[in-house]
Amino acid sequence: RTINLEGPLRACVSNLKAVLNEIEHSISIEEEGFRLLVEQSEIDFDELRRRAPENWYIEAEEARDRGLVLDVI
């Protein structure tokens, strides 16, 4: 996302604070989803949060073995 700072300095501060608030809220929503995803699995939230930015991918059998899915067809 590109943020353009134009106009009075006070307006720039307000715009930056609004964008920062949006980012922080989005992170909170993302982390809530991550917590629900790993609930009752062998993967803890910290591992998922650490590996997610790397586009972490696991095979279906590993997802089953670690409790993310019930079974693989």
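The values are calculated or read from the model by the stated rules, or taken from the named source; none is laboratory data. Computed from a prediction, not measured in an experiment: that's the story for all the values here. Counting neighbours? That spans all protein chains shown, and the Cβs are built from the backbone with ideal geometry, glycine included. Heads up: the accessible areas ignore ligands, DNA and RNA and are worked out on the full protein's heavy atoms, side chains in. Shrake-Rupley method; radii C 1.70, N 1.55, O 1.52, S 1.80 Å.
Take Glu59 and decide whether it is in contact with a Gly (Cβ under 6 Å, 6 or more places away or on another chain) and open to solvent by 80 Å² or more (accessible area, probe 1.4 Å). So that I can check it myself, show each step before the final result.
Values: in contact with a Gly (Cβ under 6 Å, 6 or more places away or on another chain): no; open to solvent by 80 Å² or more (accessible area, probe 1.4 Å): yes.
Considered against the rule, which asks whether it is in contact with a Gly (Cβ under 6 Å, 6 or more places away or on another chain) and open to solvent by 80 Å² or more (accessible area, probe 1.4 Å), Glu59 comes out as no.
Residue check: is Ile29 open to solvent by less than 80 Å² (accessible area, probe 1.4 Å) and without any contact (Cβ under 8 Å) to a residue 60 or more places away in the chain?
Judged against the criteria, Ile29 is not a match.
Quick one: count up the residues across region 7-44 that are modelled with pLDDT under 90 and not in a helix (DSSP H, G or I).
Residues flagged as modelled with pLDDT under 90 and not in a helix (DSSP H, G or I) within region 7-44 amount to 0.
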